[in-house]
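First up is the structure itself, then whatever we jot down about it.
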Amino acid sequence: MPQGTTVRTLLSSGGFRRLLATRLSAQFGDGVLQAALAGTLVFDPQRAADPLAVATGFAVLLLPWSLVGPFAGVWLDRWSRRRVLVHAGVLRAGLVAVLALLVAGGTAGAPLLVTGLLLFSVARFVLSALSASLPHTTGDLVPANALSTTAGAVAAVAGGATAIAVQQAADLTGDGGYALVTLGAAGPYLLAAAVAAGFGSRALGPDDGAARASARQVLAGMVAGVRHLRARPPAVTALAVVTVHRLCFGLLTLMTLLYARAAAPAGGGLLGVGAAVAAGAAGTLLAAVVTPRAVRRLGRARWVTLLLATGGPLLAVLAWPFRPVGIVLAAAVLGFLGQGVKICVDATLQQVVDDDVRGRVFSVYDTLVNVSYVLALLVAALLLPADGVSRPAVLAVAAAYLLAAALTGGSRARFPAR
């Protein structure tokens with residue numbers, strides 16, 4: 001990694017700027033949509049679900065895509081990624097309009113979940129396409145990941161904060177109000193499609209010469225992708241670490257939702273969640289600034305080990321009293337820890353994986369992220385009390401991060417040093 005890489009250096013590349021703008025627009029829309037759905041399904045007193053129902057909803061939205069995600073990666077390695085980004089933005093805007101109509105009509109159950117499933121599936125496909133496209137716009141992968149993924153996460157938080165602010169200021173309550181907030185996600189999705197359309201048809205890959213798979217070759221291609229990963233121990237270690245983090249993140253997500261709803265039963269708990277999400281975004285932004293410098297000094301393996309070994313216990317200390325201030329500070333620590341790990345994991349996969357299988361690898365990565373997250377939510381829904389206050393769960397999170405630190409600190413399959 002070049003020593004002098006800065007934000008200005010990265011932004012000097014027109015391709016990187018355009019890809020970053022595509023990500024920012026798309027993830028801003030994701031934030032608006034997620035805030036609208038959270039308000040509708042979790043914090044609306046007329047629709048508020050119990051913990052198991054919330055976790056089940058997450059499972060319905062995320063798991064089907066997780067099962068087909070690796071196969072979608074084969075398409076990313078064959079289709080023009082620029083075309084994927086353009087068509088996905090238009091498709092998501094249309095699906096948002098359908099979802100808004102369903103919310104306005106008070107629809108619940110299968111129609112709402114199926115539409116949400118389609119939206120979440122396209123969103124995950126877009127994120128995989130963005131990650132697989134990044135090496136075509138810059139060679140400085142650690143700082144590029146630090147800037148793009150962090151800026152995307154902050155954009156999602158900004159979208160959610162904007163949706164919450166508009167909803168509170170305009171007093172948009174009930175089905176009609178939440179439908180209008182939901183519809184607000186369509187604009188950013190269309191903007192993302194317009195920005196991505198400025199790329200050349202093959203500018204984002206896959207590289208010329210990649211074979212086009214038939215339906216019969218999809219499974220064989222997935223097997224080849226798994227073998228490709230198994231032959232690269234640093235990639236296996238990276239995926240193991242991020243899976244542990246997502247398990248912890250899922251448990252803490254449901255804990256925070258339940259705690260906020262119990263603390264503000266009249267529906268104002270969305271503001272408490274917004275504060276925690278904003279703190280997490282601040283931690284994410286700080287990690288983007290610190291991580292490239294830390295990797296230059298320590299190497300990826302030592303930096304990830306340090307994050308896990310210190311972040312887990314600190315989370316436990318902050319969350320242990322279960323006070324609003326402690327929860328917000330813990331969210332900041334979690335944002336810093338998670339983003340620091342993600343930057344190193346993304347860069348490692350992009351570095352050690354060949355381009356002609358990179359889409360499949362990032363879809364496998366996405367599958368692990370979703371499955372581990374949903375699994376944690378389901379287990380947490382069965383074990384957590386209704387108010388989310390569980391000190392044994394906090395201790396379990398700290399222990400999991402310490403075990404992951406032991407893996408990265410003692411494994412021979414370390415991350416690449418630089």
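The values are calculated or read from the model by the stated rules, or taken from the named source; none is laboratory data. Predicted model, so just to flag it, every value in this text is computed and none were measured. Glycine also receives a Cβ, built like all others from the backbone with ideal geometry; neighbour counts cover every protein chain displayed. Protein only, heavy atoms only, side chains kept; ligands, DNA and RNA dropped before computing areas. Shrake-Rupley method; radii C 1.70, N 1.55, O 1.52, S 1.80 Å.
Taken over segment 138-151, the residue count meeting the criterion of being more than 17 Å from the chain's Cα centre (by Cα) and either touching a residue at least 40 places away in the same chain (Cβ under 8 Å) or assigned to a helix (DSSP H, G or I) (or both) is 5. The number of residues in segment 152-190 that are assigned to a helix (DSSP H, G or I) and crowded, with 20+ Cβ neighbours inside 10 Å comes to 20.
Would you mind stating whether G299 is open to solvent by less than 50 Å² (accessible area, probe 1.4 Å), touching a helix residue (DSSP H, G or I) at 6+ places or on another chain (Cβ under 7 Å) and of a type outside the set (A, V, I, L, M, F, W, C)? It is false that G299 is open to solvent by less than 50 Å² (accessible area, probe 1.4 Å), touching a helix residue (DSSP H, G or I) at 6+ places or on another chain (Cβ under 7 Å) and of a type outside the set (A, V, I, L, M, F, W, C). Residues of segment 319-343 that are open to solvent by 40 Å² or more (accessible area, probe 1.4 Å) and of a type in the set (A, V, I, L, M): V325, V328, L329. For segment 244-296, filtering for residues that are in a helix (DSSP H, G or I), over 21 Å from F58 (Cβ atoms) and open to solvent by 40 Å² or more (accessible area, probe 1.4 Å) leaves 11. Comparison of A386, A380 shows that the only residue that is surrounded by fewer than 16 Cβ atoms within 10 Å (Cβ to Cβ), closer than 25 Å to A59 by Cβ and in contact (Cβ under 8 Å) with a residue 60 or more places away in the chain is A386. Answer yes or no as to whether A123 is over 23 Å from Q350 (Cα atoms) and open to solvent by 10 Å² or more (accessible area, probe 1.4 Å). When the stated conditions are applied, A123 does not pass them. A Cβ distance below 6 Å, combined with a sequence gap of six or more or placement on separate chains, defines the contacts here; from segment 174-200, residues that are among the polar types (S, T, N, Q) reach residues that are in a helix (DSSP H, G or I) in the pairs T182/A36; T182/L99; T182/A100; T182/V103.
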